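Step one of this worksheet: look at the structure below.
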Amino acid sequence: MQAILDATVSQAEPIQELLVTHGKIPTLVEELIAVEMWKQKVFPVLCRLEDFKPQNTFPIYMVVHHEASIINLLETVFFHKEVCESADDKVLDLVDYCHRKLILLVARKGGGDLSEEERFQDSTPMQELQKQAEMMEFEISLKALSVLRYITDCVDSLSLSTLNRMLRTHNLPCLLVELLEHSPWSRRVGGKLQHFESGQWQTVAPSEQQKLNKLDGQVWIALYNLLLSPEARARYCLTSFAKGQLLKLQAFLTDTLLDQLPNLADLKGFLAHLALAETQPPKKDLVLEQIPEIWDRLERENKGKWQAIAKHQLQHVFSLSEKDLRQQAQRWAETYRLDVLEAVAPEKPRCGYCNAEASKRCSRCQNVWYCCRECQVKHWEKHGKTCVLAAQGDRAK
């Protein structure tokens with residue numbers, strides 16, 4: 001939260017400096033991938049356990065949300081090149097992580113059209129948590145795109161292994177072209193164009209529709225870095241497939257786009273030259289290089305143990321007593337201070353029941369907002385238990 005606040009007001013960024021000084025970026029990358037694996041391997045097992053009917057799903061939600069917290073922090077600090085450099089060989093693992101998230105974005109088929117109320121109607125707490133995790137995955141993937149773009153800003157200082165991973169193993173330029181074609185952060189609803197910004201779908205005014213979307217801009221800058229930097233061009237093999245994919249970009253390079261990102265004129269010239277150039281056969285160089293190790297190591301160490309891990313966490317982590325829940329609620333209240341959260345929030349609060357703009361807080365816990373008394377009454381069945389715990393935690397302080 002402090003890192004985002006510092007970046008928002010353009011102050012000095014002590015959090016970023018501390019992470020670099022104490023060598024914590026590799027730790028964050030490992031934690032990010034550990035939570036990603038937990039969500040893929042353990043969380044589905046927990047959801048299938050018949051004897052797992054928690055009274056309160058908030059402790060599990062905090063684990064699910066941990067991945068989003070870390071990728072948010074990395075997106076904030078990776079703007080600075082020294083952060084990328086301090087990741088050392090763990091930048092390879094981060095590139096692989098971002099690639100997995102971009103694959104999810106490309107594969108996404110027009111989801112997220114239901115309102116909050118429709119999504120969570122008649123859901124059990126665990127089903128509601130699963131749907132929240134699915135929605136969160138989309139936002140995490142968009143953050144990963146931004147992190148990848150910041151990594152490409154450092155292409156001149158990346159290791160040979162990292163460049164090979166980005167350009168040969170994953171062929172990121174072609175994947176980025178696919179993203180531009182699919183544009184999963186844009187959609188049309190009722191004939192109106194919407195962009196996903198600040199955590200929600202927002203309708204774009206007709207006068208603003210030619211304006212470059214922030215996420216489209218991230219893709220274009222990443223493509224520029226990967227295709228025009230001398231270091232990357234020397235490593236990228238322009239096969240007939242790659243040539244066909246990259247030439248699709250010519251249709252997107254309109255005068256309106258070039259007015260907003262003038263540097264893309266160089267990319268347009270590169271594509272014009274590429275259209276006339278001969279393609280290259282795939283290179284078969286014998287290269288000794290590093291490979292990412294975090295995902296493979298965690299999977300190897302825990303292979304065959306996912307069911308046992310889920311059952312252990314069910315008994316010792318997520319089945320909390322009333323007293324333990326109150327203590328956790330107190331710690332969360334101390335960590336997520338309302339004044340800081342409101343300063344970080346990009347927009348006005350939304351109603352916890354109908355998602356409309358809200359002006360009134362729950363008087364008991366002060367955590368959830370409502371637009372009217374009627375919505376608060378309807379939401380009480382789901383909100384009540386958490387509300388009582390949070391209020392007791394506040395009183396304990």
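Restricting to segment 217-229, name every residue that is without any contact (Cβ under 8 Å) to a residue 60 or more places away in the chain and open to solvent by 30 Å² or more (accessible area, probe 1.4 Å).
Let us first name the residues in segment 217-229 that are without any contact (Cβ under 8 Å) to a residue 60 or more places away in the chain, namely 217, 220, 223-224, 227-228.
Answer for segment 217-229, where residues must be without any contact (Cβ under 8 Å) to a residue 60 or more places away in the chain and open to solvent by 30 Å² or more (accessible area, probe 1.4 Å): Tyr224, Leu228.
Taking the conditions exactly as written (in contact (Cβ under 8 Å) with a residue 24 or more places away in the chain and of a type outside the set (A, V, I, L, M, F, W, C)), does Lys214 satisfy them or not? Show your work before the answer.
On the way: in contact (Cβ under 8 Å) with a residue 24 or more places away in the chain: no; of a type outside the set (A, V, I, L, M, F, W, C): yes.
It is false that Lys214 is in contact (Cβ under 8 Å) with a residue 24 or more places away in the chain and of a type outside the set (A, V, I, L, M, F, W, C).
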Segment 34-58, residues that are modelled with pLDDT under 90 and either of a type in the set (Ser, Thr, Tyr) or touching an Asp or Glu at 6+ places or on another chain (Cβ under 9 Å) (or both): Gln55, Thr57
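The values are calculated or read from the model by the stated rules, or taken from the named source; none is laboratory data. None of the values given here were measured: they were computed from a predicted structure. Backbone-built Cβ (ideal geometry, glycine too); neighbour counts: all protein chains shown. For the accessible areas, the whole protein counts, side chains as well, though only heavy atoms, and no ligand, DNA or RNA atoms are used. Shrake-Rupley method; radii C 1.70, N 1.55, O 1.52, S 1.80 Å.
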